1. Could you tell me which of the residues Ser16, Ser22 is surrounded by 15 or more Cβ atoms within 10 Å (Cβ to Cβ) and under 15 Å from the mean Cα position of the chain (by Cα)?
2. Quick test for you: out of Arg80, Arg62, pick the one residue that is under 20 Å from Ser9 (Cα atoms), surrounded by 15 or more Cβ atoms within 10 Å (Cβ to Cβ), without any contact (Cβ under 8 Å) to a residue 24 or more places away in the chain and of a type in the set (D, E, K, R).
3. Being within 14 Å of Leu79 (Cβ to Cβ), part of a helix (DSSP H, G or I) and modelled with pLDDT under 90 narrows it down to one of Leu61, Leu56, so name that one.
4. Taking segment 89-102 as the region of interest, how many residues are part of a helix (DSSP H, G or I) and farther than 21 Å from Gly13 by Cα?
5. Which of the residues that make up segment 65-77 are surrounded by 18 or more Cβ atoms within 10 Å (Cβ to Cβ), among the hydrophobic types (A, V, I, L, M, F, W, C) and closer than 14 Å to Leu121 by Cβ?
6. Of the residues Leu5, Leu25, only one is of a type outside the set (Phe, Trp, Tyr), assigned to a helix (DSSP H, G or I), touching a residue at least 60 places away in the same chain (Cβ under 8 Å) and over 20 Å from Val87 (Cβ atoms); which?
Amino acid sequence: MRNKLRGYSFLLGTGSVLSLISLVLVIRYLDPYGARFNVVLFYLDLLVLIMSTAALAGFQLRQMFGQRERAENYFFVSLRQAVWFSVIIAGSLILQSSGLFNLLNAAILVLAFIFLESYFLYAKP
């Protein structure tokens, strides 16, 4: 199982590096006012970068400071929480660029994901 986790970690690390390179290329070469696709590509790259970096960091932190559970549990919980975190950050930035971001929207977004994560933590498979 260790090899499978190493493979997952390698894929996330590779995805993180590739999305960082892609994000730099998008910022450097694409005009945000030219086409809507450029903006979508920027937010998609940002989402993948945040998700992969947060998943790797969460997995490492859970291994160092977490309870003694199976490593697969650490990995999948970290990945799920990284997806939520990246959606919150990217969603907040999209709302901000549209002029719709305020404290109430941010609180509702965060509370929705807190309730969703609570459901996943306490639901019995």
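The values are calculated or read from the model by the stated rules, or taken from the named source; none is laboratory data. The structure displayed is predicted, hence computed values, not measured ones. Glycine also receives a Cβ, built like all others from the backbone with ideal geometry; neighbour counts cover every protein chain displayed.
1. Numbers: Ser22 fails: under 15 Å from the mean Cα position of the chain (by Cα).
Step by step, each of Ser16, Ser22 is checked, and only Ser16 is surrounded by 15 or more Cβ atoms within 10 Å (Cβ to Cβ) and under 15 Å from the mean Cα position of the chain (by Cα).
2. Details: Arg80 fails: without any contact (Cβ under 8 Å) to a residue 24 or more places away in the chain.
One residue alone meets the criteria, Arg62.
3. Leu61
4. Within segment 89-102, the first condition is being part of a helix (DSSP H, G or I), and the residues that meet it are 89-98.
Retained after the next criterion (residues that are farther than 21 Å from Gly13 by Cα): 91-98.
The total comes to 8.
5. Looking only at segment 65-77, we keep the residues that are surrounded by 18 or more Cβ atoms within 10 Å (Cβ to Cβ), and these are 74-75, 77.
Cutting the leftovers down to among the hydrophobic types (A, V, I, L, M, F, W, C) gives us 75, 77.
Within segment 65-77, Val77 is the sole residue that qualifies.
6. Details: Leu25 fails: touching a residue at least 60 places away in the same chain (Cβ under 8 Å).
None of the others qualify; the one that does is Leu5.
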